[in-house]
Amino acid sequence: MNVPTQAAGVPVGIDDISFATGSYRVDLADIAPRLGAEPAKYHKGLGQEQMSVVAPDEDPVTMAAAAAAPLIERGGAEGIRTLLFATETGIDQSKSAGVYVHALLGLPDTVRTVELKQACYSATAALQFAAALVARNPAERVLVIASDIARYDLDSAAEPTQGAGAVAFTVAANPRILRLDAANGVHTSDVMDFWRPNYRTQALVEGKLSIGAYIDAVAGAFADYRERGGAAFDEIDWFCYHQPFTKMASKAHLMLSERFGLDMDKARAEEIIAPTTGYNRRIGNSYTASTYFGLLSLLDTRPDLAGARVAIISYGSGCVAEFLTGRIVEGYEEMLHAEEHERILAERIRLGDADYYAMQTRVIEDQGNHSNIGEGLRRGTGPFSFTGVEGDKRRYVRRAD
Ligand code: HMG
């Protein structure tokens, strides 16, 4: 019997990409008075305008399914043998959230499905695992979904850095959007900068420590990337950083440039990073999905990217970082859906501070019991809905069902 062996030298990378977010949004100017801040602190100091908020019947599964559905509609399920679900908003200690998504999307049963976790980093681990599977068998495609809800204590300094969103992408041979370079750099160190114990719905964070940990870890990952033959900092055209708030990306870019002896100032760093921040400014922190919202912002807003080298710079508290690069593929424009993405963001329903505060208070008091899925409560507007827990089992429907 002929057993297929590993294929060498096939280009692998991101073939199609799509996003979803919560049905609601909060304008940070509306919460600033309660938090005793000037709106400028959020708009300029953090680089955030809005944050997405999920409805009581939305969760990481409904956002993930909504993000991935267009990929299946456009490209079918043929060749997809793996679904990797990256999240730190776990809904079950045992069952992968990806299995619910698999069912909602009607994927074939010949798909392996698994959930990955390491704070905001795991989508990048998923990208690498997916690339390895495809390199072994270029006939296969892998569906990667990153989906998260960022939630901190109300009235805390971290509250304006919340958000919610999902990015789904397929990884394939001869990709039509981003062809990955072979070099990558990684870094792990044990830091308690941000964590969420199993008994909490809101994360705990040492804000200032987390900013230093992010910079150090990314610098470590970049040094490793260089040692493995990666491009020099000034040979990279675009930098898609993890964006817990968008200012973090330009802050990191300035500090890294200085560390590597490059001529850079704050204004120039902000200018370089700006095309990657458009979606994150409006969505907020989407944890695992955030770096890929950065990539999508760049693709959707900056023309003539074919041939450009783009860095994907991933950081997950705790902490793990990765620095990898790829080249934008000729003809990538055919794969863009900027108008649809704008529609999704524009159609979110604005919540005032009082309504948002009441909704978040219920979620926090409920601590994962979902007693808030009840009559008369606000419903999400996305294609999938979480209908509650019956006999300790989560239930989901496609809204049209
Ligand atoms: P804070 O103490 O409220 O803010 O917390 P601040 O006082 O440091 O001010 C923030 C910026 O606003 C400063 O700018 C101020 O000068 C400026 P900077 O000096 O840093 O350039 N500012 C103003 N600008 C204009 N007009 C004004 C004004 N007032 C002040 N009127 C902090 C900020 C980010 C610490 C907090 O929101 C927080 O703890 N957030 C959560 C943690 C976080 O996002 N950390 C980022 C790195 S860790 C990470 O990325 C991982 C993560 O995504 C989780 C995961 O991996 O899963 C979080």
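Values quoted throughout were computed directly from the atomic coordinates according to the rules given, and no laboratory measurement underlies them. Bear in mind that the values here come from a model prediction, so they are computed numbers and not experimental data. Note that each Cβ is placed from the backbone with ideal geometry, even for glycine, and that neighbours are counted across all protein chains shown.
Using +1 at the Cβ of each Lys and Arg and -1 at the Cβ of each Asp and Glu in the chain, identify which of Phe194, Val101, Val310 lies farthest towards the dipole's positive end. Projecting each Cα onto the dipole axis, the largest value belongs to Val101. Secondary structure note: in segment 12-398, about 75% of the DSSP beta bridges are antiparallel.
A cut-off under 14 angstrom between Cβ atoms defines the neighbours of Ala164, and their net charge, with Lys, Arg +1 and Asp, Glu -1, is -2. The residue among Ile145, Ala182, Leu295 whose Cα reaches farthest toward the positive pole of the charge dipole of segment 12-398, with charges on the beta-carbon of Lys, Arg, Asp and Glu, is Ile145.
Positive-end ranking of Thr387, Gly75, Ile344 along the dipole of segment 12-398, with charges on Cβ about the Cα centre, is headed by Thr387. Backbone geometry of segment 242-258 corresponds, through the Karplus equation with coefficients 6.51, -1.76 and 1.60 at θ = phi - 60°, to 3J(HN,Hα) couplings of 4, 10, x, 8, 5, 4, 4, 5, 6, 4, 5, 5, 5, 5, 5, 4, 4 Hz, x marking Gly and Pro. Distances between placed amide hydrogens fall under 5 Å for Leu116 paired with Phe85, Ala86, Thr87, all partners being 5 or more residues away or on another chain. Taken one residue at a time, the phi angles of segment 29-40 give Karplus couplings (6.51, -1.76, 1.60, θ = phi - 60°) of 4, 6, 9, 4, x, 4, 8, x, 10, 6, x, 4 Hz. Gly and Pro are set to x.
For segment 12-398, the relative contact order comes to 25 percent (Cα pairs under 8 Å, sequence separation of at least 6). When the Gaussian network model of the chain links Cα atoms closer than 10 Å, the mean-square fluctuations of Ile312, Ile272, Ile177 top out at Ile272. About the centre of its Cα atoms, the chain shows a dipole size close to 380 debye [charges on the beta carbon of Lys, Arg (+1) and Asp, Glu (-1) only; nearest 20 debye]. Distance between the modelled labels on Glu258 and Ala232, one decimal in nanometres: 2.2 nm (7 Å Cα→Cβ projection). Between segment 59-112 and segment 195-217, what is the separation of their alpha carbon centroids in Å? Measuring centre to centre over Cα atoms gives 27 Å.
Going through the cross-link list Lys95/Lys208; Lys117/Lys266; Lys208/Lys266; Lys44/Lys208, which pairs have a Cα-Cα distance over 26 Å in this structure? Flagged as over cut-off: Lys95/Lys208; Lys117/Lys266. When only the Cβ of Lys, Arg, Asp and Glu is charged (+1, +1, -1, -1), the dipole of segment 117-233 relative to its Cα centre reaches about 540 debye. Protection proxy ranking of 340-352, 206-218, by the mean of other Cβ atoms within 10 Å over each peptide's residues and highest first, is 206-218, 340-352. Computed over the chain, the Cα gyration tensor eigenvalues convert (square root of 5λ each) into semi-axes of 30, 27, 19 Å, ordered from largest to smallest. Here the Gaussian network model covers the chain, with springs between Cα atoms less than 10 Å apart; of Arg141, Arg362, Arg25, Arg362 fluctuates the most.
Just checking the listed ones, Ala132, Ala172, Ala354: in the Gaussian network model of the chain with Cα springs under 10 Å, the one fluctuating most is Ala354. Calculated on C-alpha atoms, the gyration radius of segment 180-257 divided by its Kirkwood radius gives an Rg/Rh of 1.03. Residue exposure proxy: Val186, Val144, Val54, Val111, ordered by other Cβ atoms within 10 angstrom of their Cβ from fewest to most, comes out as Val111, Val186, Val54, Val144.
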